[in-house]
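K.L.:
This structure is in structure tokens; I'll ask about it shortly.
The values are calculated or read from the model by the stated rules, or taken from the named source; none is laboratory data. Small disclaimer: the values here were computed from a predicted structure and weren't measured. Quick reminder, even Gly has a Cβ in these numbers, built from the backbone with ideal geometry, and neighbours come from all protein chains shown.
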Amino acid sequence: MPIEFRCGQCGKLLRTADETAGKQAKCPSCGTVLPIPTAPTTLTSQLHGGEVMVSPFAGSLPPPSPGTGGEVNPYQSPASALLGPAESYYAPAPGTRTIRSTKIDIGDVIRGTWEIATKNTNQFLMCFLVFLACAALNYAAAFVQQIILFGVQAAGPPVSVFMAVNIVLSLLGGVFQLWLNAGQTLYFIRTARGEETPFGLVFSGAPYLVRIVLASLLLGVVALGIALICAIPAVIAYWASQEPAMGVLVFIVLLLAPALYLGVTYSQFLNLIIDFDLGVIDSLQTSRQITAHNRLSLVALSLLATLAMGISLVLCCLPSLFMIPFVTLGAAVVYLKMSGQVTAEQLLRQPPFAAPGHLPEPLR
């Protein structure tokens, strides 16, 4: 029987002959080259008396969820019957997603982020509330830190003791911010992918914290080494000209390109640790792979985001409050598209199941 499956990039339902199983094919809709599954993926739904198309990469499906009386709820959607109420129909099964380095389009990213934010306003409002909650918690942590420091200073300890307390509190505050940032990032990634996003995700960053800290320290060491190398000709320029400004200028000019390259190339390590549970080195290597053909696009998007936030701050109007969560959501969309994953707006454009009498498009 024919093999039917969905494109992992655009969600298009495709059909091909069974003798092509295991080969590579090109999606006629978006042009993505993807493997053809080795078995037909048409699942007969006895509940609704028709065929329900499911992704060949979604793994084995759990049985339909029973109602309170132990029977299948006849009013639940086919997606809920297949995947259960805990996740949406397009949520990938654990361990089945793959990373495919994909070149992004700036216009597609902006358009996709806008569609996600405007077509599901309740979800975007939750993103805004999550952003406000995280900002409030960070502010509260900083306020507590200052109160403790004032108390220690009022006690009149030696300067060394005060500095030690200050360092410890600063480290704890940094860890707290990383923890919240990990949870917030996970929330926005799942929102951009169209999955259910309970508010509790904001506080689920603990399992990734050590790896995020280690990866950040490793990048910090590399950045410090680059800065020291750039400082050598800067010092020479200062000695030759006896002008401090000349030394600073040379240092900035030499440091700009490698710092920009380092920041852009490894910008996705946190997303990869959180989303794919990768290790420190794997996350850095994978980040380098998926950003390889997207560095200029990432720089351009960063400049556009900075400009948009700057204008919103100058205007000081109510809509400007939503700019930061919108930009954060856009960053999640960028990551998903670079790693070859389906984003929520693609699923909004494409119906998840084949309509009766509608045949999927054949592969060429």
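K.L.:
For segment 187-214, name all the residues that are hydroxyl-bearing (Ser, Thr, Tyr) and under 13 Å from the mean Cα position of the chain (by Cα).
P.N.:
Within segment 187-214, Tyr187, Thr191 qualify.
K.L.:
Checking the conditions here, which among Ala86, Ala117 is under 23 Å from Gly200 (Cβ atoms) and modelled with pLDDT of 90 or more?
P.N.:
None of the other options fit; the residue is Ala117.
K.L.:
Quick one: Cys230 ticks every box in (1) in contact with a Phe, Trp or Tyr (Cβ under 8 Å, 6 or more places away or on another chain); (2) without any contact (Cβ under 8 Å) to a residue 60 or more places away in the chain; (3) surrounded by fewer than 18 Cβ atoms within 10 Å (Cβ to Cβ); (4) not basic (Lys, Arg) bar one, so which box is it?
P.N.:
(3)
Quick grid of which residues meet (1) part of a helix (DSSP H, G or I); (2) among the hydroxyl-bearing types (Ser, Thr, Tyr); (3) out of contact with any strand residue (DSSP E or B) (no Cβ under 7 Å at 6 or more places or on another chain):
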residue: Ala231; (1), (2), (3): yes, no, yes
residue: Trp239; (1), (2), (3): yes, no, yes
residue: Pro258; (1), (2), (3): yes, no, yes
residue: Tyr261; (1), (2), (3): yes, yes, yes
residue: Ser267; (1), (2), (3): no, yes, yes
residue: Thr286; (1), (2), (3): yes, yes, yes
residue: Ser297; (1), (2), (3): yes, yes, yes
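K.L.:
Please specify each residue of segment 290-310 satisfying the condition of being among the β-branched types (Val, Ile, Thr) and either outside the structural domain of Pro258 (by TED's automatic domain parsing) or in contact (Cβ under 8 Å) with a residue 40 or more places away in the chain (or both).
P.N.:
Hits for segment 290-310 are Ile290, Thr291.
K.L.:
Might you let me know whether segment 201-214 holds any residue that is in contact with a Gly (Cβ under 6 Å, 6 or more places away or on another chain), in a loop (DSSP other than H, G, I, E, B) and in contact (Cβ under 8 Å) with a residue 24 or more places away in the chain?
P.N.:
Within segment 201-214, one or more residues are in contact with a Gly (Cβ under 6 Å, 6 or more places away or on another chain), in a loop (DSSP other than H, G, I, E, B) and in contact (Cβ under 8 Å) with a residue 24 or more places away in the chain.
K.L.:
Follow-up. Does segment 183-200 include one or more residues that are touching a residue at least 12 places away in the same chain (Cβ under 8 Å), of a type in the set (Gly, Ala, Ser) and either outside the structural domain of Leu260 (by TED's automatic domain parsing) or not in a helix (DSSP H, G or I) (or both)?
P.N.:
yes
K.L.:
Within segment 153-172, track down each residue that is of a type in the set (A, V, I, L, M) and under 14 Å from Ala141 (Cα atoms).
P.N.:
Listed by number, the residues that qualify are Val168, Leu169, Leu171, Leu172.
K.L.:
Continuing with this model, one more query. Considering only residues that are closer than 19 Å to Val202 by Cβ and either among the aromatic types (Phe, Trp, Tyr) or not assigned by TED's automatic domain parsing to the domain that holds Leu321 (or both), look in segment 135-177 and name the one that is surrounded by the most Cβ atoms within 10 Å (Cβ to Cβ).
P.N.:
So the residue we want is Phe176.
K.L.:
Now a separate question. Mind checking which residues of segment 89-114 are surrounded by 14 or more Cβ atoms within 10 Å (Cβ to Cβ), at pLDDT 90 or above and of a type in the set (Gly, Ala, Ser)?
P.N.:
Ser101, Gly112
K.L.:
While we're on this one: Just checking, does segment 257-267 include any residue being farther than 30 Å from Arg190 by Cα and either in contact (Cβ under 8 Å) with a residue 24 or more places away in the chain or out of contact with any Phe, Trp or Tyr (no Cβ under 6 Å at 6 or more places or on another chain) (or both)?
P.N.:
Yes: segment 257-267 contains one or more residues that are farther than 30 Å from Arg190 by Cα and either in contact (Cβ under 8 Å) with a residue 24 or more places away in the chain or out of contact with any Phe, Trp or Tyr (no Cβ under 6 Å at 6 or more places or on another chain) (or both).
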